[in-house]
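Remarks on the structure that follows.
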Amino acid sequence: MAEAPVIDPTARVHPTALLERGVVVGARAAIWDAVHVRHDAVIGADTTIGEKTYIAYEVKIGSFVKINAQVYVCAQVTIEDGVMISAGAIFTNDTFPRALDRALARLETSDVTDETAATHVERGATIGAGAVIGPGVRIGRFAMVGMGSVVTREVPPHALVVGSPARVAGYVCACGPRLVDALAFGAATLATRWSCHRCGRTYAADAGTLRCVADPHEAVRVLDV
C-alpha cells in the first residue's frame, strides 16, 4: 500500500491540492488550491505554497518559506528557510534538454539521472516574479533575483542580480533594500559600513559579500544573518 502523506494537524491543505505518497507537511504550513506536490517532497513549518504551484518529487523546502502562485519547482531543488519565490518563477534541471534520448530511439526519461543538475537556494533569498533559474546553480543567502531575470551562474550572498543573463547590480540587506551598488561595493575598504534605513542593520564588506556587524533584531529573528 502506498504511504500516505504526513500532514501536521495544524497545517492547512486546500481540498483541490494533490499530495502524493510520502509527502511531509510541517506545522502551520498552508497549501492552496490546485497545488501538486509530488511524492516524498518535504515542506517545512510555517511555509505557504500558492495556488497552481508544482513541487517535484523529493524536493526539500524549509520553514518560513513563501512560494507564490504558479511556481514550477523541478526535481533536485533544495530551498532553505525563509526563502521567497514570487509568482511564475521557474526552476530547470536538464543539462541537455531534449525530448528523445541520446540514441534518438525513445523519449528521454523524466527521472533524475547523472545529467540532472541540482540547484540550491540558501536561506533568506528572494526570487522575483517570472524569473528563470538555470540548472545547477546556487543562490546565496539573502540574495535577490530581480523579476524576469534569467540566472545562469552562482549568485553571491546578499547580491542583487538582474537581467538576462542575470548580473550583479548591487548588494541588499537581509530585509530587502539595496545598500550599495556593485561599483561602490568594489571600492569599499575594511572601514566601510552600510546601514539599512528599513531595519537598522549595519554591514561591512567581507570576502566578496556583506557581513552583518550590528543587528538590533538579533533577539527575535528566526534566521541567522
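Specify which residue in the list Ile127, Ile7, Gly50 is farthest towards the positive end of the charge dipole of the chain, using unit charges on the beta carbon of Lys, Arg (+1) and Asp, Glu (-1), about the Cα centre.
Farthest along the dipole direction, towards plus: Ile127.
First check a/c for segment 6-180, with a ≥ b ≥ c the square roots of the eigenvalues of its C-alpha gyration tensor; if it is under 1.5, answer rounded, and if not, answer prolate when a/b is larger than b/c or oblate otherwise. Don't jump to the answer; show the numbers that get you there.
Values: a/c = 2.01, a/b = 1.05, b/c = 1.91.
Judged from the Cα gyration tensor, segment 6-180 comes out oblate (a/c at least 1.5, b/c at or above a/b).
Could you compute the net charge surrounding Val162? Neighbours are other residues with a C-beta less than 15 Å from the C-beta of Val162; K and R count +1, D and E count -1.
Details: positive: Arg153, Arg167, Arg178; negative: Asp181.
It works out to a net charge of +2.
Taking neighbour counts of Cβ atoms within 10 Å as a proxy for exposure, in what order, fewest first, do Thr109, Thr202, Thr192 appear?
On the way: Thr109 9, Thr202 18, Thr192 13.
Placing the least packed residue first, the sequence is Thr109, Thr192, Thr202.
With charges only on Cβ, +1 for K and R and -1 for D and E, what is the dipole size of the chain about its Cα centre, in debye, rounded to 20? Each step should come with its number before you reach the end.
Values: 21 positive and 23 negative charges, 140 e Å.
Here the chain has a charge dipole of around 680 debye.
Treating only the Cβ atoms of Lys and Arg (+1) and Asp and Glu (-1) as charged, compute the dipole magnitude of segment 114-225 about its Cα centre; round to the nearest 20 debye. Before the final figure, lay out each step's value.
Working: 11 positive and 9 negative charges, 71 e Å.
About 340 debye.
Using helices alone, what [θ] at 222 nm do you get for the chain, with -39,500 (n - 2.57) per DSSP H run of 4 or more residues, divided over all residues and rounded to the nearest 500? Working shown, then result.
Values: 1 runs with 5 residues, N = 225.
Counting only the DSSP helices, I get -500 deg cm²/dmol.
What's the ranking of 121-128, 32-39, 61-68, 6-13 by average number of surrounding C-beta atoms within 10 Å, highest first?
Values: 121-128: 23.9, 32-39: 18.5, 61-68: 21.4, 6-13: 14.1.
The densest-packed peptide leads the list: 121-128, 61-68, 32-39, 6-13.
Over what distance in Å are the Cα centres of segment 133-180 and segment 47-111 separated?
Going from one Cα centre to the other spans 18 Å.
Quick check on the chain: of the DSSP beta bridges with both residues there, what percent are antiparallel, nearest 5%?
On the way: 16 of 55 bridges.
Antiparallel bridges: around 30 percent, rounded to the nearest 5.
Quick one: compute the contact order of the chain, relative version, from alpha carbon pairs under 8 angstrom and 6+ residues apart, as a percent. Intermediate results must be reported in sequence, preceding the final value.
Working: 651 pairs, mean separation 20.8, N = 225.
The value is 9 percent.
Under the rule a/c < 1.5 gives rounded, and otherwise a/b versus b/c splits prolate from oblate, where does segment 1-84 land using the Cα gyration tensor? Don't skip to the answer; put the middle values down first.
Details: a/c = 1.22, a/b = 1.15, b/c = 1.06.
Rounded, since a/c falls under 1.5.
Every number in this text was worked out from the coordinates using simple rules, so none of it is lab data. Treat the numbers as computed from the prediction; the structure is a model and nothing was measured. Cβ sites come from the backbone with ideal geometry, for glycine too, and all protein chains shown count toward neighbours.
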